[in-house]
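The structure appears below as structure tokens.
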């Protein structure tokens, strides 16, 4: 048998159904919407009674259920009228632990444990729907009240384990979730903790400190040490850049937990670290150039010395292979001139020419020159 309950709260009409099955629930919603249009102009006593029925503990307009098991920080299985359904807490979002396409997110296990403590298996709960009863996965979207009347959606936010989320048209339970999360911010718990390493605030601090520590080290005179420092700096700056992008996009529940002022402070810290890191990279580049120039100068000096030594060795070898040098010319000692002793010549008359005419002693006729003659009688 179908049962449709229409309630009115804070100027909004809320449609509820205790029917089983999504098709039947959709049909009931259609019927009830027509009824809402008819009732919207009425201010009868029945409206006041409807308001009263929405107070925690009232059975009218609510579904009773029993917790079967906790799936994650904002989802659980419950038994309702003999049927097991998946319940998704309205207006609060916790880190993922079960999405096959997403790694387990920071504080996800803690959120799951928190919901397990708030809703132990077998606990009786009261579910209240908003305007849109199902999400795109077919899960029932509900405000969940424990046996004491506490809104579990807000309690998860109060522990800092989930952030407020507003997806129109379901906004009825958004204000108490926001108020509870503001309390968690004030107390610095859960996603607002300052000592959980995987949270963005700590990741920002760790990344910035890593860059600052690398930048504070004295510049080494070793190129290999400078290269190692530069590689570490590149990795740290890559983390800083990724965190800046995530902070700007508020990428994920963890970033959505921060107020604008907190995000601005973290972004400023990252900007400062990036500036320090860039300056350090410039200094490393200048130091490497200085070392390279010094190494080049030293190498040039070594080359010049080696060239000079090689030239000297070659000259020495050339000299060693030269033929022996001739003995130096020593001029003979001067001999003093001693003139020969004068010996007067001894006249030796020439031997008389032999007489070609033996026995002839008559007149002689000499030939020119006077060396030869003939008897004059023979002329």
key: Criterion: in a helix (DSSP H, G or I) and free of Cβ contacts under 8 Å to residues at least 40 places away in the same chain - qualifying residue of 112, 186   = 186
Any chance residue 215 is at pLDDT below 95 and in a helix (DSSP H, G or I) = yes
message = Cβ-Cβ distance below 6 Å, separation of 6 or more or different chains: which pairs start in the range 166-179 with a residue that is touching a residue at least 40 places away in the same chain (Cβ under 8 Å) and in the same structural domain as residue 133 (by TED's automatic domain parsing) and end on one that is surrounded by 14 or more Cβ atoms within 10 Å (Cβ to Cβ) and assigned to a helix (DSSP H, G or I)?
response = 166/174; 173/153; 177/153; 177/154; 177/157
remark   = Of the candidates 236, 231, the one satisfying the condition of being over 30 Å from residue 92 (Cβ atoms), in contact (Cβ under 8 Å) with a residue 24 or more places away in the chain and not assigned by TED's automatic domain parsing to the domain that holds residue 105 is 236
ask   = When the range 144-164 is examined, which residues are found to be surrounded by fewer than 23 Cβ atoms within 10 Å (Cβ to Cβ) and in a strand (DSSP E or B)?
value = 145, 164
ask   = Residue check: is residue 66 farther than 20 Å from residue 176 by Cβ and either modelled with pLDDT under 95 or not in a helix (DSSP H, G or I) (or both)?
value = yes
task = Pull up the range 165-183, narrow it to residues that are out of contact with any strand residue (DSSP E or B) (no Cβ under 7 Å at 6 or more places or on another chain) and outside any loop (DSSP other than H, G, I, E, B), then point me to the one that is modelled with the lowest pLDDT.
result = 167
message = One residue is enough: does the range 303-320 have a residue meeting the conditions in a helix (DSSP H, G or I) and surrounded by 11 or more Cβ atoms within 10 Å (Cβ to Cβ)?
response = no
note = From the option list 327, 286, single residue qualifying as over 30 Å from residue 241 (Cβ atoms) and either surrounded by 10 or more Cβ atoms within 10 Å (Cβ to Cβ) or modelled with pLDDT under 95 (or both) is 327
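The values are calculated or read from the model by the stated rules, or taken from the named source; none is laboratory data. Remember, it's a predicted structure, so these values are computed and weren't measured experimentally. Every residue, glycine among them, receives a Cβ derived from its backbone with ideal geometry; neighbour counts consider all protein chains shown.
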